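The values are calculated or read from the model by the stated rules, or taken from the named source; none is laboratory data. From a predicted model like this one, the values you see are computed outputs, not experimental measurements. Cβ coordinates were reconstructed from backbone atoms using ideal geometry, including for glycine residues, and neighbour counts include every protein chain displayed. Accessible surface areas use protein heavy atoms only, side chains included; no ligands, DNA or RNA. Shrake-Rupley method; radii C 1.70, N 1.55, O 1.52, S 1.80 Å.
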Amino acid sequence: MERSRTYAVTAATGHVGGYAVRELLRLGHSVRAMGRDRARMKELEAAGAEILVGDLADRDHLERAFTGVDGALLIVPPQPAAEDFVQYQIDMARGYAAAARAAGLRNAVVVSAMGANDKRAGALIEGHANIEAEINTVPGLNVVHLHPTSFFEILYYFLQPLREENVLRTSLGSDAQLQLVAGRDVGATGARLLADLSFRGISNVPVLANRTISLREVCELISEQSGRTFTVEQISAEADIADLVSAGTGHSFAAKLVDTWAMATARGEMPQEKPAPASVAEYRIEDFIRDELVPAIEADVPISEYSTATRPRTAF
């Protein structure tokens, strides 16, 4: 490493942001970890991060955090309870862009989604396309948009029925082939790109799954690790939306989430991009299920500790 640099990481208490903070610190850099709940950032502070407590919708807070840094990891954190989820994403991205202009930010890695640069994309993928478009308006900003496939952590969406009924209830077919990556692999990829700082202009880096998996296989792995039998129960899209809404998710997000799953079922992991320099995830789904998902199913811990989609929280 040539020298120690300083980076800002938004949504630092999340699955992606938290890992990126730790990785940048491990590489010897200084990190401004941004979040709303200081209590949730004690571990990052103990690891050596500078903790910046504030609302990511506050442009003054963002500008202060971005001023003087060598680069930033930009994550629009989930807010499933938002009345208009698409507008929420746009507003957050505009805030990031405005603060980046005012602070003179020159380098950023944005956590987006596979297919966000494809005009066929819809549902939640289209929301990421909107975010990219807003960030791309910042003059002189070198930006890499990370395009991961779906996350292992979407499995936390199903914690309630998994805990109470040994069932993974979803509108997805049990044999739908999904490509999933861990938040930690996305965070590690973002950290490596920032630490290197060799990117110029606007580019995309896919973060690819190391295998495909069906929900039937997921339940088989959960059963194997827990000693209990778990099955997939397919329900209608309408029932899936109703379940998400009853768990505290806003209808806007729930409908788009279910549409995204339907799109993935119909097309495979939607949509495939042209070949590009890519990062292949290292963390295996088998290890995630054994080390993280099964303990979450068996734990007497509020679901909000795991998933913002099924139990929205405000600690970004």
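Are any of the residues in the stretch 100-111 assigned to a helix (DSSP H, G or I) and within 30 Å of Glu286 (Cα to Cα)? Lay out the reasoning, then the answer.
Within the stretch 100-111, the first condition is being assigned to a helix (DSSP H, G or I), and the residues that meet it are 100-103.
From the residues that got through so far, the ones that are within 30 Å of Glu286 (Cα to Cα) too are none.
No, that holds for no residue.
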Please specify each residue of the stretch 56-75 satisfying the condition of being in a loop (DSSP other than H, G, I, E, B), touching a Phe, Trp or Tyr at 6+ places or on another chain (Cβ under 8 Å) and within 15 Å of Val143 (Cα to Cα).
Val69, Asp70
It is to be established whether one or more residues within the stretch 7-16 are open to solvent by less than 30 Å² (accessible area, probe 1.4 Å), among the aromatic types (Phe, Trp, Tyr) and either touching a residue at least 12 places away in the same chain (Cβ under 8 Å) or within 23 Å of Arg59 (Cα to Cα) (or both).
yes
Could you tell me whether any residue of the stretch 99-119 is open to solvent by 20 Å² or more (accessible area, probe 1.4 Å), under 13 Å from the mean Cα position of the chain (by Cα) and not polar (S, T, N, Q)?
no
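What number of residues in the stretch 211-228 are in contact (Cβ under 8 Å) with a residue 60 or more places away in the chain, under 21 Å from Glu282 (Cα atoms), in a helix (DSSP H, G or I) and open to solvent by less than 70 Å² (accessible area, probe 1.4 Å)? Give the steps one after another, and end with the answer.
Here is the first cut: in the stretch 211-228, the residues in contact (Cβ under 8 Å) with a residue 60 or more places away in the chain are 211, 213, 218, 221-222, 225-226, 228.
Now restrict to residues that are under 21 Å from Glu282 (Cα atoms): 211, 213, 218, 221-222, 225.
Right, trim to in a helix (DSSP H, G or I) and you get 218, 221-222, 225.
Then keep just the ones that are open to solvent by less than 70 Å² (accessible area, probe 1.4 Å); that gives 218, 221-222.
Selection size over the stretch 211-228: 3.
Matching residues to (1) over 22 Å from the mean Cα position of the chain (by Cα); (2) crowded, with 22+ Cβ neighbours inside 10 Å; (3) closer than 30 Å to Pro139 by Cα:
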{"position": "Ala182", "(1), (2), (3)": "no, yes, no"}
{"position": "Val186", "(1), (2), (3)": "no, yes, yes"}
{"position": "Thr189", "(1), (2), (3)": "no, yes, yes"}
{"position": "Phe199", "(1), (2), (3)": "no, no, yes"}
Options Leu124, Leu146: the member that is among the aliphatic types (A, V, I, L, M), assigned to a helix (DSSP H, G or I) and either in contact with a helix residue (DSSP H, G or I) (Cβ under 9 Å, 6 or more places away or on another chain) or at pLDDT 95 or above (or both)
Leu124
Which of the numbered conditions does Met92 fail, given that it passes all the others? Conditions: (1) under 22 Å from Asn142 (Cβ atoms); (2) of a type in the set (A, V, I, L, M); (3) touching a residue at least 60 places away in the same chain (Cβ under 8 Å).
(3)
Out of the stretch 27-84, which residues are touching a residue at least 40 places away in the same chain (Cβ under 8 Å) and of a type in the set (Val, Ile, Thr)?
Val69, Ile75, Val76
What number of residues within the stretch 17-53 are open to solvent by less than 20 Å² (accessible area, probe 1.4 Å) and either modelled with pLDDT under 95 or under 17 Å from the mean Cα position of the chain (by Cα) (or both)?
8
With open to solvent by less than 30 Å² (accessible area, probe 1.4 Å) and either farther than 22 Å from Ile297 by Cβ or not hydrophobic (A, V, I, L, M, F, W, C) (or both) as the only criterion, which of Ala247, Ala255 stands out?
Ala255
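Could you say whether any residue in the stretch 169-176 is farther than 30 Å from Ser30 by Cα, open to solvent by 50 Å² or more (accessible area, probe 1.4 Å), out of contact with any Pro (no Cβ under 8 Å at 6 or more places or on another chain) and not in a helix (DSSP H, G or I)? First the steps, then the outcome.
Pass one, the stretch 169-176, residues farther than 30 Å from Ser30 by Cα: 169-176.
Add one more test, that the residue is open to solvent by 50 Å² or more (accessible area, probe 1.4 Å), and what stays is 175.
Going one step further and asking which of them are out of contact with any Pro (no Cβ under 8 Å at 6 or more places or on another chain), we end up with 175.
Add one more test, that the residue is not in a helix (DSSP H, G or I), and what stays is 175.
Checking the stretch 169-176: at least one residue is farther than 30 Å from Ser30 by Cα, open to solvent by 50 Å² or more (accessible area, probe 1.4 Å), out of contact with any Pro (no Cβ under 8 Å at 6 or more places or on another chain) and not in a helix (DSSP H, G or I).
Evaluate the stretch 148-159: report whether one residue or more is more than 27 Å from Val280 (Cβ to Cβ), open to solvent by 10 Å² or more (accessible area, probe 1.4 Å) and of a type outside the set (Ser, Thr, Tyr). Spell out how you get there, then give the answer.
Keep residues of the stretch 148-159 that are more than 27 Å from Val280 (Cβ to Cβ), which gives 159.
Filter again for open to solvent by 10 Å² or more (accessible area, probe 1.4 Å), leaving none.
No.
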